[in-house]
Amino acid sequence: MKETKSLTYIYFLLCMCMIIAVILPTQQWDDTDRTPALAKKGIDWDNLKAIPVQKEGRVMPFDSFARVLLTQISGKSSVKVNGKKISAAQWLAETIFAGTTEDYKIFLIENPRVMEAIKVEYKADRDRYSYKVLKTQIDLINQYAAQAARVEQEKRSIFQNQIIHLSNNVFQYQSLINSLSFWKKRRDLAGIDTFYTTIVSELNAVRVENPNMSPKYRQIIQSIITYPYEKQVGVSVARFMHHLYFAGEIFAKFNKMKLSQKIMDITKSLENKNIQKMYSESFTMVPPPQRLINFLETVKKSGGEDELPRDMEKEFKIYISNYLNGKVIKKVAKHKYKLTQQGEKVLEDVDQEWKAPWYVFLSTLSNPDDTRRDSLSSLNMIHYGFSNNSISDINNGIKGVKDFNNKMLSDKTTKKVSLEVSYNRYDLFFWCVVLYLASAIFCLISWLGWAKRPLFFVSLFFLIVAFICHSWGITLRMIIKERPPVSTLYESIVFASWVGVGIAMIMEYFSRASKSISLFTGAISGYILMAIAGKYAMDGDNMAVLVAVLDSNFWLSTHVTSMVIGYSACLVAGAIGHIYVLMHLMPNTNQKQAKEVGKLVYGTLCFGTIIAFLGTILGGLWADQSWGRFWGWDPKENGAMLIVLWSVILLHARLGGYIRDWGLALGAVFGNIVVAAAWWGVNLLSVGLHNYGFTQGLFNKLAIFTVAELLFIAFGMVLWYKKQGGKSTKTPKAATA
Amino acid sequence: MKNKKLPKSIDFLSSHGLTVISLLFLMVITIIGTIDQKYIGLYQSQKIYFESIYFNITLFKAGGYVFFLPLPGGYTVLAVLFVNLILAFVFKFRWRLRTFGVVVCHIGLLLLLIGSYLTYAYSVNGHMTFAEQEKRAYFVSYTDNEIVLTETSAEGEETKSFANEYLFKGATLLAPSKKIHVEIAYFFENCDAIRNKDNLFSNQEYVLRKIAPSLETEMNSVGVYASVFNGKNLIGRYYMYQGVPVDFNYQGVHYSIYIQRRKFPVPFSLKLLKFTRELYPGTQTPKHYESKVTLSEKDRSGQNSEREILISMNRPLRHKGYTFYQSSFNQEKDQAGNTIKYYSTLAVMKNPAEEWPYFSCLLVVLGMIIHFTPKMFRFAKRQGKK
């Protein structure tokens, strides 16, 4: 009888959770991947998102690149157009390839004074504006920004910071629009028209004078002549530059040095004047031949003496047959190769850095053999597709660019990029938030006494699923970044949340007497921390590269990780402390239960103390290794010490008999304030050596949190006093009194 | 299970209560000392709150009176904790197997306290900044100063240096030959040199002007205003700006006096061969710094030996009790903005108690693990039975 009943419950509950999962407030989390692409149906967005590009010192998929840019400009990773959401990748593609995003409202202005200063229409204190609107005010924006930039960074006001940020964003956007501007229709170029007529007539003369010229040149001349200057105005910058370049080459070939020189001069001045305005380097997406470089370097290192590694043999075949025709490497013995002189030169000359299309365009003008032209032609195809509404061209172009980049890059890089695409797509941490909340809610309902067992299991199920998502998300990040789990503030929150849930699950397993209290603690702290992390995820590239001093996987994995575990354990202790207090409000709580929960607080606190102490010392050792002193009273160090001090105080006070379960529980709640202060609070000071974790604008939130916790402690004290006065079994002294 | 025979004072001094109270004070000091770093800088905050016997906190000002609260400084609190711990060891600790972990842990803490005292009392630190191809056999303190007095006469040259403890108003520095002495009339914590238009206070071309000290003490330029006497005869009054010597002749002896950041000699020399800095592609974020240096020293047989060493972030050079860390760098640029010369800065530390924290912390953690692990298992076991 009971089984069937519980099955019905489970079914009913599953339905309910689905509803909850849908209703949940999701604004702060980006859900662009769950909205279908709008305008251009049929575009292969998945392929586009997976194109490797370079930004902020690392290779990332186009998708991440777009998110980083868009969140930097608009504070969100999606754009709302006519009430519908567009993903960052789509926005970026439209911006770069079609230039149709000028009226999307993306520029976030968070200060009414900025709006007033740059004379845009005021609607709300925090609003987004389109480029179309800001375009007319650019001079004003830049003027204010230049003024603000003269002030030292620490002394800038909110207004000054905002205006600089805005000006940078507008510049960034302009340079994005210009990424492929060499294919834009050319505007009239004053002073060249008469000369261009000369070029055409002279070319004609050359053709007549040299009837035996090669068909290649004949063809070029033909194509230039059929575009007289008037028609040239409608032609793209790229084609115009090509024409100029080839005309120059032909004049040089047929001994018309003066003309050739003049064309060169004109090209130079064009580059200096007109092109500089259109030149853009913000979209670095043409990779260096990394695979080739790696290969040649391995060969060079072996110097014909070592045997090449087996997997290199495979690479070797690819390059010899397809790419380099055996000119750069010679065989010395079986499996042994050496670079030829030409090979050394290739290694020296090859561009080792990522380049923007503009750079590639200019440098391939004179070098038709450069393989990077393939990438340009694929980009052109996308560009053409967007302007002519041809989906198949867009898709072919996307595929071309992706294949080209994957061919250039090493397998390791492309694998990491594709992992990152799936990391972005599944958005595991978002689901963690949803599931943790669901788990906490079900656990709460189960306490009401109705359908206790099944509700408990549903709650447990959600918690486990969430924990798996959470673990998988962290693992993916570790693989992509090749780092231990924590190296940024954002990651510290994600990891602390994971540890908290882990601790809670272990406690739930061992301490069954406390009846799902640990489970609830885990779920709720998981939810709260992940929701906070969600805010931080929006802070630009959350997988950004590390500054030199942090570049030590050993210390990152020991000191930072144990520190975060320590934070987490103390927070969990604090959370159980809350529950300890609140459970005394429930009518059906007995002393035995309360004692069990009190033990949980104590146990977690002990664990937290050990780990926080260990983390603090390891930090000291790292500091000793890299800064030369074990302890320097740096704010972050002090913060870590405060946590240890506070837990040690609690433990000794308990040992000395000054406090008991109530005191420990309330002390653990106060510990939350200490942790928050050590974790985020010290960053507010903006001093010290640990200044890679700084954030701004936290003060209010921290103050509210502190006040709330203090009120809670006061409330707990009142409750304790009342309970003690009622049926006091707390202390022997009270019992005798 | 308290020992009732103990006198009350010893009972209190070795009690948990005192531990809790002093730890609470330590917490308060740490919080105040951390927050105040924003306003007075790390160095000052260390001096006032952590390396002090007591300090005063201004509560409010009313009617010309300042109401303040005196609080114990870091020294007092740590000393009390030390005494508390030792007495607890003697009178309170129960030496049983069960408490083995606790004892180990607290021995570690004791060592940590002693070690930090040794570090405070006997360690010196500073920096060694040099350009490529330059050689150094000394390092310079970040905060300590010294006045160097050189006498050159027919008999030869003699130099004497006067360190921090002489640098206050009214201090007297006696020259090696005892013919002259220098009296310090004013010590500038931070100053700049301006042109001396009216030969007001001295005959020098410049005078010093006091400016507000920077929060980062190492950024300050120190100076002194001093009078030089022969017995009771005034020879002259001089401004001395950091690193700029004052020269004069008196009775056939040439004197040269200057104030500078204190220099500590090192029993070997380092020569910077090459400084390398790597950036992440397309950014200004540094990825890696390193300095390639040649270490040369005389070995036991008196022969010069040289070897090349790479010092980089997180990989210091340890030699003869000195440790050199890659700390920062500087670059000299030409007009086109190309770097023509790199300067590398190595932080230098000489600390006789360098290894103490390693061992003591190991003991503390071991102790805690020994103590808490069985407890945890017992807890889990008991829960499992239910």
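It is to be established whether one or more residues within the range A:629-636 are facing another protein chain (nearest Cβ under 10 Å), surrounded by fewer than 24 Cβ atoms within 10 Å (Cβ to Cβ), touching a strand residue (DSSP E or B) at 6+ places or on another chain (Cβ under 9 Å) and in contact (Cβ under 8 Å) with a residue 12 or more places away in the chain.
Initial filter on the range A:629-636 (facing another protein chain (nearest Cβ under 10 Å)): A:629-636.
After this cut, where a residue has to be surrounded by fewer than 24 Cβ atoms within 10 Å (Cβ to Cβ) as well, the list is A:629, A:631-634, A:636.
Filter once more, keeping what is touching a strand residue (DSSP E or B) at 6+ places or on another chain (Cβ under 9 Å): A:629.
Still in the list and also in contact (Cβ under 8 Å) with a residue 12 or more places away in the chain: none.
The answer is no, given that none of the residues of the range A:629-636 is facing another protein chain (nearest Cβ under 10 Å), surrounded by fewer than 24 Cβ atoms within 10 Å (Cβ to Cβ), touching a strand residue (DSSP E or B) at 6+ places or on another chain (Cβ under 9 Å) and in contact (Cβ under 8 Å) with a residue 12 or more places away in the chain.
Taking the stated definitions as given, is B:Asp247 surrounded by fewer than 15 Cβ atoms within 10 Å (Cβ to Cβ), acidic (Asp, Glu), in the same structural domain as B:Lys160 (by TED's automatic domain parsing) and at pLDDT 85 or above?
For B:Asp247, the condition - surrounded by fewer than 15 Cβ atoms within 10 Å (Cβ to Cβ), acidic (Asp, Glu), in the same structural domain as B:Lys160 (by TED's automatic domain parsing) and at pLDDT 85 or above - is met.
Only residues that are within 14 Å of chain B (Cβ to nearest Cβ) and either surrounded by 19 or more Cβ atoms within 10 Å (Cβ to Cβ) or not aromatic (Phe, Trp, Tyr) (or both): list them for the range A:474-509, please.
Residues satisfying the conditions are A:Lys481, A:Glu482, A:Arg483, A:Ser487, A:Thr488, A:Ile503, A:Met505, A:Ile506, A:Met507, A:Glu508.
Name the residue, out of A:Ile391, A:Ile329, that is over 30 Å from A:Cys469 (Cβ atoms), surrounded by fewer than 18 Cβ atoms within 10 Å (Cβ to Cβ) and either modelled with pLDDT of 75 or more or away from every other protein chain (no Cβ under 14 Å) (or both).
A:Ile391
Could you grab me the full set of residues in the range B:162-194 that are within 14 Å of B:Asn145 (Cα to Cα), outside any loop (DSSP other than H, G, I, E, B) and at pLDDT below 85?
Within the range B:162-194, B:Ala163, B:Asn164, B:Glu165, B:Tyr166 qualify.
Do you know which residues across the range B:280-332 are of a type in the set (A, V, I, L, M, F, W, C) and more than 23 Å from A:Phe554 (Cβ to Cβ)?
Listed by number, the residues that qualify are B:Val293, B:Leu295, B:Phe329.
Identify, please: which residue in the range A:112-135 is touching an Asp or Glu at 6+ places or on another chain (Cβ under 8 Å) and either assigned to a loop (DSSP other than H, G, I, E, B) or outside the structural domain of A:Ser175 (by TED's automatic domain parsing) (or both) and is, among those, modelled with the highest pLDDT?
A:Tyr122
Would you say B:Asn145 is in contact with a helix residue (DSSP H, G or I) (Cβ under 7 Å, 6 or more places away or on another chain) and within 28 Å of B:Lys320 (Cβ to Cβ)?
yes
Kindly evaluate B:Gly74 against the criterion of being surrounded by 16 or more Cβ atoms within 10 Å (Cβ to Cβ) and on the phi > 0 side of the Ramachandran plot.
So B:Gly74 fails the test.
Among helices (runs of 4 or more DSSP H) lying entirely in the range B:1-83, which contain 2 or more residues that are touching a residue at least 12 places away in the same chain (Cβ under 8 Å), closer than 24 Å to B:Leu112 by Cα and more than 11 Å from chain A (Cβ to nearest Cβ)?
B:8-13
All but one of (1) more than 8 Å from chain A (Cβ to nearest Cβ); (2) touching a residue at least 12 places away in the same chain (Cβ under 8 Å); (3) farther than 30 Å from B:Phe100 by Cβ hold for B:Ala353; state the number of the condition that does not hold.
Condition (3) is where B:Ala353 drops out.
Given the conditions (1) aliphatic (A, V, I, L, M); (2) in contact with a Lys or Arg (Cβ under 6 Å, 6 or more places away or on another chain); (3) away from chain B (no Cβ under 12 Å), which single one is not true for A:Met530?
For A:Met530, the failing item is (2).
May I ask you to verify whether B:Thr143 is touching a strand residue (DSSP E or B) at 6+ places or on another chain (Cβ under 7 Å) and not in a helix (DSSP H, G or I)?
No; evaluated as a whole, the condition is false for this residue.
For B:Lys197, are the conditions met, namely being in contact with a Cys (Cβ under 9 Å, 6 or more places away or on another chain) and farther than 17 Å from B:Leu149 by Cα?
Values: in contact with a Cys (Cβ under 9 Å, 6 or more places away or on another chain): no; farther than 17 Å from B:Leu149 by Cα: yes.
When the stated conditions are applied, B:Lys197 does not pass them.
Hey, among B:Arg277, B:Arg300, which residue is modelled with pLDDT under 85, more than 8 Å from chain A (Cβ to nearest Cβ), over 21 Å from the mean Cα position of the chain (by Cα) and within 25 Å of A:Trp622 (Cα to Cα)?
Values: B:Arg300 fails: within 25 Å of A:Trp622 (Cα to Cα).
Going through B:Arg277, B:Arg300 in turn, just one is modelled with pLDDT under 85, more than 8 Å from chain A (Cβ to nearest Cβ), over 21 Å from the mean Cα position of the chain (by Cα) and within 25 Å of A:Trp622 (Cα to Cα): B:Arg277.
Is it the case, given these coordinates, that A:Met543 is within 14 Å of chain B (Cβ to nearest Cβ) and modelled with pLDDT of 90 or more?
No; evaluated as a whole, the condition is false for this residue.
Quick check on my filter: what residues within the range B:144-156 are modelled with pLDDT of 85 or more and either more than 28 Å from the chain's Cα centre (by Cα) or hydroxyl-bearing (Ser, Thr, Tyr) (or both)?
Matches in the range B:144-156: B:Thr150, B:Glu151, B:Thr152.
Which one of these does B:Thr339 not meet: (1) without any contact (Cβ under 8 Å) to a residue 12 or more places away in the chain; (2) touching an Asp or Glu at 6+ places or on another chain (Cβ under 9 Å); (3) within 14 Å of chain A (Cβ to nearest Cβ)?
Looking at each condition in turn, B:Thr339 falls short on (3).
When you go through B:Phe162, B:Phe130, B:Phe139, B:Phe188 one by one, which is the residue that is crowded, with 16+ Cβ neighbours inside 10 Å, closer than 20 Å to B:Tyr255 by Cα and aromatic (Phe, Trp, Tyr)?
B:Phe162
Somewhere in the range A:685-695, is a residue at pLDDT 90 or above, assigned to a helix (DSSP H, G or I) and more than 25 Å from B:Glu355 (Cα to Cα)?
no
Is at least one residue of the range B:368-379 of a type in the set (D, E, K, R), over 30 Å from B:Ser116 (Cβ atoms), at the interface with chain A (Cβ under 10 Å from one of its Cβ atoms) and free of Cβ contacts under 8 Å to residues at least 40 places away in the same chain?
The answer is no, given that none of the residues of the range B:368-379 is of a type in the set (D, E, K, R), over 30 Å from B:Ser116 (Cβ atoms), at the interface with chain A (Cβ under 10 Å from one of its Cβ atoms) and free of Cβ contacts under 8 Å to residues at least 40 places away in the same chain.
Which numbered condition trips up A:Gln625, out of (1) under 32 Å from the mean Cα position of the chain (by Cα); (2) at pLDDT below 90; (3) surrounded by 22 or more Cβ atoms within 10 Å (Cβ to Cβ)?
(3)
Of the residues A:Leu189, A:Leu203, which single one is at pLDDT below 75 and out of contact with any strand residue (DSSP E or B) (no Cβ under 6 Å at 6 or more places or on another chain)?
A:Leu189
Mind checking which residues of the range A:608-637 are hydroxyl-bearing (Ser, Thr, Tyr) and either in a loop (DSSP other than H, G, I, E, B) or more than 26 Å from B:Tyr289 (Cβ to Cβ) (or both)? Break it down into steps so the answer makes sense when it comes.
Step one: of the range A:608-637, the residues hydroxyl-bearing (Ser, Thr, Tyr) are A:609, A:616, A:626.
Result: A:Thr609, A:Thr616.
Given the structure, is B:Ala171 closer than 30 Å to B:Phe82 by Cβ, without any contact (Cβ under 8 Å) to a residue 40 or more places away in the chain and either more than 14 Å from every other protein chain (Cβ to nearest Cβ) or not hydrophobic (A, V, I, L, M, F, W, C) (or both)?
Numbers: closer than 30 Å to B:Phe82 by Cβ: no; without any contact (Cβ under 8 Å) to a residue 40 or more places away in the chain: yes; either more than 14 Å from every other protein chain (Cβ to nearest Cβ) or not hydrophobic (A, V, I, L, M, F, W, C) (or both): yes.
In short, no.
Show me the helices (runs of 4 or more DSSP H) entirely contained within the range A:378-483 in which 1 or more residues are out of contact with any Asp or Glu (no Cβ under 7 Å at 6 or more places or on another chain) and under 28 Å from A:Pro587 (Cβ atoms). Show your work before the answer.
Numbers: elements: A:391-408, A:411-426, A:428-447, A:452-481.
It comes to A:428-447, A:452-481.
Among A:Ala640, A:Ala612, A:Ala653, which is the only one that is assigned by TED's automatic domain parsing to the domain that holds A:Phe670, of a type in the set (Gly, Ala, Ser) and surrounded by fewer than 24 Cβ atoms within 10 Å (Cβ to Cβ)?
A:Ala653
The values are calculated or read from the model by the stated rules, or taken from the named source; none is laboratory data. On a predicted model such as this, the values are computed, not experimentally measured, just so you know. Counting neighbours? That spans all protein chains shown, and the Cβs are built from the backbone with ideal geometry, glycine included.
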